[in-house]
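The values are calculated or read from the model by the stated rules, or taken from the named source; none is laboratory data. Owing to the predicted nature of the structure, the values given are computational and were not obtained by experimental measurement. Cβ: placed from backbone, ideal geometry, glycine included. Neighbour counts: every protein chain shown.
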Amino acid sequence: EAAVTQSPRNKVAVTGGKVTLSCNQTNNHNNMYWYRQDTGHGLRLIHYSYGAGSTEKGDIPDGYKASRPSQENFSLILELATPSQTSVYFCASGDRGRDTGQLYFGEGSKLTVL
Amino acid sequence: GDSVTQTEGQVALSEEDFLTIHCNYSASGYPTLFWYVQYPGEGPQLLFRASRDKEKGSSRGFEATYDKGTTSFHLRKASVQESDSAVYYCALRGDYGNEKITFGAGTKLTIKP
């Protein structure tokens, strides 16, 4: 069974503070993704990665950094958190290749920036 | 860039009704298309996918046919049940080795018993 684990599951941060959301996968997948989920916008891609050491910008990367230090771990970093970054964040992993592409999601991290 | 449009933000039906959720996409080449379902408190999970023109994907009574001519991948089910209440997402993965996966805005389906 595919397994993607996110931490923390809930986080309250102050404006201007630094927030790190962590994601670990035990699927040995090459690709990992960070999305945020907001009502009316669905899932929007922030950053993704093809493997250890690589990060790519998604559709809404401004205000976020990503780090992929190993195959298993992918972090999302908010250096200066703002209230507009209040959201639910989902991490996912997936295989490479045209006929796969299935993503396995974590359970989400709810971030509130006050 | 690639994009996915779901026209229905919310759909409310009664049990045994017929369901259609519309999905249109914009992408070059032959993207892979997906339908995901998300239940409260969980991450989305794959319902099914299709990667070629006229290919039909199906699972749990849901189905959709890849139509490159109309750039559509509409989700249908003949008879919905209360347990189908969830949020449904259409998504695509680009062609030409592109590993980026783009989701639509989602459709919240509520089934009244």
If A:Ser93 meets every condition in (1) of a type outside the set (D, E, K, R); (2) in contact with a Phe, Trp or Tyr (Cβ under 6 Å, 6 or more places away or on another chain); (3) within 10 Å of another protein chain (Cβ to nearest Cβ); (4) within 22 Å of B:Phe48 (Cβ to Cβ) apart from one, which number is that one? (3)
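Does region A:57-67 contain at least one residue that is of a type in the set (Gly, Ala, Ser), closer than 23 Å to B:Thr5 by Cα and in a strand (DSSP E or B)?
Step one: of region A:57-67, the residues of a type in the set (Gly, Ala, Ser) are A:58, A:63, A:66-67.
This time we only want the ones that are closer than 23 Å to B:Thr5 by Cα, so: A:58.
Filter again for in a strand (DSSP E or B), leaving none.
Checking region A:57-67: not a single residue is of a type in the set (Gly, Ala, Ser), closer than 23 Å to B:Thr5 by Cα and in a strand (DSSP E or B).
Every residue, every condition in (1) touching a Ser or Thr at 6+ places or on another chain (Cβ under 7 Å); (2) among the basic types (Lys, Arg); (3) more than 13 Å from chain A (Cβ to nearest Cβ), yes or no:
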| residue | (1), (2), (3) |
| --- | --- |
| B:Pro40 | no, no, no |
| B:Gly43 | no, no, no |
| B:Leu46 | no, no, no |
| B:Arg49 | yes, yes, no |
| B:Ala86 | no, no, yes |
| B:Cys90 | no, no, no |
| B:Asn98 | no, no, no |
| B:Leu109 | yes, no, yes |
| B:Lys112 | yes, yes, yes |
List the residue pairs whose Cβ atoms are under 6 Å apart, where the first residue sits in region A:85-111 and is closer than 16 Å to A:Ile46 by Cβ and modelled with pLDDT of 95 or more, the second is in a strand (DSSP E or B) and basic (Lys, Arg), and the two are 6 or more positions apart or on different chains. A:Ser87/A:Arg36; A:Val88/A:Lys110; A:Tyr89/A:Arg36; A:Leu111/A:Lys11
Among the residues of region A:6-60 satisfying the criterion of being surrounded by 15 or more Cβ atoms within 10 Å (Cβ to Cβ) and among the basic types (Lys, Arg), which is nearest to the other protein chains (Cβ to nearest Cβ)? A:Arg44
